[in-house]
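Everything on this sheet refers to the single structure shown next.
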Amino acid sequence: MAACDAQTGPEGSEAKASEPTSWHDVVLQMLKRNDIRLVPYVPDRILTALISNLHADPFFTTFPTAREEEAVGIVSGAWMGGLRGAVLMQTSGFATLANVMASLAIPYQIPLIMFVSERGTLGEFNYGQSLVCRTMRPVLDSLAMEHHTATRLDQLEFIVDRSIRQAITTQAPVALILSPLLTGGKVLDKRAPE
Amino acid sequence: MNTPANSSARNTRIMNRFDLTSRLIAKLKNEEAVIGGIGNTNFDLWAAGHRPQNFYMLGSMGLAFPIALGVALAQPNRRVFALEGDGSLLMQLGCLSTIASLAPKNLCMVVMDNGIYQITGAQPTPAATVADIVAIAIASGLADSAWAADEEDFERLVDRSLAAPGPTLIGARIDDKPGTGQTRRDPVQIRERFMLGLGVRQAL
């Protein structure tokens, strides 16, 4: 994961709250800034550091769910009860959400905030992942949903903070796609033999 | 009637969804939240008399318990009930483990089990002749799960749930009758009124 390390800085570097040094620090700080405390997820390799940091921080209630739409149901109920949440998932998990977005988040005007770790592009090794990735943006566009793809660390705070605030104030869902350009993505450890 | 499920050895009476829902609602004196699953469960919740703390789903089959879990986590001092059909729950069995793992002290799940997809033409569910929803719930970690033997037992289990120290699940075998009413399908108003009822919002 050399690209990831290059983006996120050396291991063990001290990240001050005001000077985040990695994409996952920025995401965590923006969740805090916007008082988003409930973070259910279906895990992804790329999200590992973010998930473990969320677990380590008592500000957050974070836990795995069996399916992504279950997590969407939970944060929807929580928001109606006055507790803000966001869902973490991988591209293939997003592909299971068309029905719940169309029948719950959008028509009930619920500010569903989703972080999608993007697989299927820029070095994907699993054909199925590359195919399902192609359905993500067409689904978002067909529902006229707000979505942004974060590719650069220097833009991440702006994208995440503004998007969360827009979702909440307009009561509309948003998908924030974390590109391999930002995270390093997932690659095969060894190159396949020629 | 759901003959296969009824022919099991269990000594449980076949009850009626609207009757049970009305009995549940009559016991709620502290602005408890109630989430009605898609179709008949929320139709009967609506027909039992609208309350400001009722939420009616119009789609998203299987998400009544996850939505109720979210409400329960957001408002730990309010009891939350969720009404779900057996077919709906089969769509999302994993949520039982999630709920068991989080163990909210204020969540009661009710499964209305007729073994059929009543609303689509009464086709039997794949579980109808082979599975036991309450046994599945217990095996998922929800130890306080029980079948209601009859209406009185259902009321007793609701009373217990109102004071239980952890999540509870009540299974009720019901008949094949359709829902009694028809919820007004206005999702924005349903959501806004629910939030008003939970004290999250003030009316304009």
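The values are calculated or read from the model by the stated rules, or taken from the named source; none is laboratory data. None of these values were measured; they are calculated from a predicted model. In this analysis, Cβ positions are derived from the backbone assuming ideal geometry, glycine residues included, and neighbour counts consider all displayed protein chains.
Observations
- Meets criteria (within 19 Å of A:V42 (Cβ to Cβ) and without any contact (Cβ under 8 Å) to a residue 40 or more places away in the chain) for A:L104: yes
- Pairs, first facing chain A (nearest Cβ under 8 Å) in region B:178-204, second among the basic types (K, R), C-beta under 8 Å, six or more apart: B:I190/B:R184; B:M195/B:R201; B:L198/B:R78
- Listed conditions (1) surrounded by fewer than 17 Cβ atoms within 10 Å (Cβ to Cβ); (2) within 14 Å of another protein chain (Cβ to nearest Cβ) are all met by A:R152, apart from (2).
- First in region B:111-122 and farther than 13 Å from B:I38 by Cα, second anywhere and of a type in the set (K, R) and modelled with pLDDT of 95 or more, Cβ under 7 Å, 6 or more apart: B:D113/B:R173
- Count - residues of region A:47-92 that are crowded, with 24+ Cβ neighbours inside 10 Å and away from every other protein chain (no Cβ under 14 Å): 4
- In region B:82-97, the residues that are surrounded by 24 or more Cβ atoms within 10 Å (Cβ to Cβ) and over 21 Å from B:A122 (Cα atoms): B:A82, B:C95, B:L96
- Breaking point among (1) more than 14 Å from chain A (Cβ to nearest Cβ); (2) surrounded by fewer than 24 Cβ atoms within 10 Å (Cβ to Cβ), for B:C108: (2)
- Every condition in (1) assigned to a loop (DSSP other than H, G, I, E, B); (2) of a type in the set (V, I, T); (3) more than 27 Å from B:G59 (Cα to Cα) holds for A:I110 except the one numbered (3).
For (1) touching a Pro at 6+ places or on another chain (Cβ under 7 Å); (2) in a strand (DSSP E or B), each residue gets a yes or a no:
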{"position": "B:A149", "(1), (2)": "no, no"}
{"position": "B:L169", "(1), (2)": "no, yes"}
{"position": "B:P178", "(1), (2)": "no, no"}
{"position": "B:G181", "(1), (2)": "no, no"}
{"position": "B:R185", "(1), (2)": "no, no"}
{"position": "B:R193", "(1), (2)": "yes, no"}
{"position": "B:L196", "(1), (2)": "yes, no"}
{"position": "B:R201", "(1), (2)": "no, no"}
{"position": "B:L204", "(1), (2)": "no, no"}
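- If you go through region B:43-63 and pick out every residue that is away from chain A (no Cβ under 13 Å), in contact (Cβ under 8 Å) with a residue 12 or more places away in the chain and not aliphatic (A, V, I, L, M), you end up with 5.
- Of all residues in region B:82-97, those satisfying the criterion of being more than 9 Å from chain A (Cβ to nearest Cβ) and in contact with a Lys or Arg (Cβ under 9 Å, 6 or more places away or on another chain) are B:L83, B:G85.
- Any hit, region B:64-81, residues being touching a residue at least 60 places away in the same chain (Cβ under 8 Å), in a loop (DSSP other than H, G, I, E, B), within 9 Å of chain A (Cβ to nearest Cβ) and surrounded by fewer than 24 Cβ atoms within 10 Å (Cβ to Cβ): yes
- Extreme residue, farthest from A:L38 (Cα to Cα), among residues of region A:96-146 that are touching an Asp or Glu at 6+ places or on another chain (Cβ under 9 Å) and surrounded by fewer than 19 Cβ atoms within 10 Å (Cβ to Cβ): A:S130
- Applying the criterion of being closer than 19 Å to B:L89 by Cα and touching a Phe, Trp or Tyr at 6+ places or on another chain (Cβ under 6 Å) to the residues of region B:8-42, the residue that is nearest to the other protein chains (Cβ to nearest Cβ) is B:I35.
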